[in-house]
1. Among what's in region 107-144 and is in a loop (DSSP other than H, G, I, E, B) and of a type in the set (A, V, I, L, M), pick the residue that is farthest from D12 (Cα to Cα).
2. Kindly list, by first and then second residue, each pair from a residue in region 74-95 that is more than 17 Å from A51 (Cα to Cα) to a residue that is among the acidic types (D, E), limited to pairs with Cβ atoms under 8 Å and residues at least 6 apart or on different chains.
3. I want to confirm something. Restricting to region 67-98 and keeping residues that are of a type in the set (A, V, I, L, M, F, W, C) and not in a helix (DSSP H, G or I), which single residue is most open to solvent (accessible area, probe 1.4 Å)?
4. Considering only region 34-51, how many residues are modelled with pLDDT of 95 or more and part of a helix (DSSP H, G or I)?
5. Yes or no: region 111-127 includes at least one residue that is open to solvent by less than 40 Å² (accessible area, probe 1.4 Å), of a type in the set (A, V, I, L, M) and touching a Lys or Arg at 6+ places or on another chain (Cβ under 6 Å).
6. Can you name every residue in region 145-175 that is assigned to a strand (DSSP E or B) and free of Cβ contacts under 8 Å to residues at least 40 places away in the same chain?
7. Hey, among the residues in region 1-45 that are among the polar types (S, T, N, Q) and touching a Phe, Trp or Tyr at 6+ places or on another chain (Cβ under 6 Å), which one's surrounded by the most Cβ atoms within 10 Å (Cβ to Cβ)?
Amino acid sequence: GKLKAFTASFDDGYLNYENEQWLVDVFNANGIKGTFNMPSGLFNDYNTDAAAFKELYTGFEVAAHTAYHTKYSEYTPDFFEDAVQADIEALPAITEGAIEGIAYPNGESANEEEKEILKDNGILYGRSTYSSRNFEIPDDLYNWNPTCFQYNIGEFQSDAQTFVSMSPSEMKLMEVWGHGYQLNDDNKAATQAVYELAGNRDDIYYASNIEIAKYLMAIDELVISTDESNI
């Protein structure tokens, strides 16, 4: 029954476990849910402790990021499918849930053939790195543009302030994306303050990317069902 939703999506957590822990702690303190996107091949190459990450990500979604964070548009569709399947097979080591989403690496997006590959492999959405700076619901879940980039702290602050002050008459969504490894002593306090502003609010629905995606899919199915019943 809430018309505003907030979600977060963060990539490459294997690069700095301590910052990833800081981010998870801030999320939990402010009732924020989100998604962590991991390239499984690099996860293994860095000898990351799967058990530690599995515990860290409890209550959050883990999603694919292609196995080696490769610029896959330079390769064949088969290469892309292999990179996605590798994540689907390997990432359950760090999560209880199924791998049903992906964040595209290197500023990529999916073409129509790649979207079909994702669908065939049970991937329900794909998040880009293009910051829309708006709060519109994505009309294509495989071309899902987040609102803003956490590291651009001024934009993050401004968008969060606008979002929390809104009283919309239709559904609105704010999604922040980023990398935990970009957190440092110069930006942590300001970053935490934004999450404290946006978090723990009665008028906002806090969810992971997959929860948002499935909610929107359910609405679409309801609309289609209603339309068919009127034929």
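1. In the first step, residues of region 107-144 are kept if they are in a loop (DSSP other than H, G, I, E, B); the result is 107-111, 121-124, 128-143.
Remaining after also requiring of a type in the set (A, V, I, L, M): 110, 123-124, 137, 141.
Working: A110: 19, I123: 19, L124: 20, I137: 25, L141: 21 Å.
Residue satisfying both the conditions and the ranking: I137.
2. P77/E113; P77/E114; F80/E114
3. As a first pass, look at region 67-98 and keep what is of a type in the set (A, V, I, L, M, F, W, C): 67, 79-80, 83-84, 86, 88, 90-91, 93-94, 98.
Cutting the leftovers down to not in a helix (DSSP H, G or I) gives us 67, 98.
Details: A67: 7, A98: 69 Å².
Ranking the qualifying residues of region 67-98, first place goes to A98.
4. Going through region 34-51 one residue at a time, the tally reaches 0.
5. no
6. First, the residues of region 145-175 that are assigned to a strand (DSSP E or B): 148-149, 172-175.
Within region 145-175, C148, F149 meet the criteria.
7. Just the residues of region 1-45 that are among the polar types (S, T, N, Q), to begin with: 7, 9, 16, 19, 21, 28, 30, 35, 37, 40, 44.
This time we only want the ones that are touching a Phe, Trp or Tyr at 6+ places or on another chain (Cβ under 6 Å), so: 9, 16, 19, 30.
Numbers: S9: 23, N16: 17, N19: 18, N30: 18.
Out of the qualifying residues, it is S9.
For every residue, the table says whether it meets (1) more than 17 Å from the chain's Cα centre (by Cα); (2) surrounded by 14 or more Cβ atoms within 10 Å (Cβ to Cβ); (3) within 30 Å of L118 (Cβ to Cβ).
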residue: Y142; (1), (2), (3): no, yes, yes
residue: Q161; (1), (2), (3): yes, no, no
residue: Q182; (1), (2), (3): no, yes, yes
residue: Q192; (1), (2), (3): yes, yes, no
residue: D202; (1), (2), (3): yes, no, no
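The values are calculated or read from the model by the stated rules, or taken from the named source; none is laboratory data. If you're wondering where the values come from, they're calculated on a predicted model, not measured in any experiment. Cβ atoms come from the backbone with ideal geometry, glycine included; neighbour counts cover every protein chain shown. Accessible surface is based on the protein model in full, side chains and every heavy atom, while ligands, DNA and RNA are left aside. Shrake-Rupley method; radii C 1.70, N 1.55, O 1.52, S 1.80 Å.
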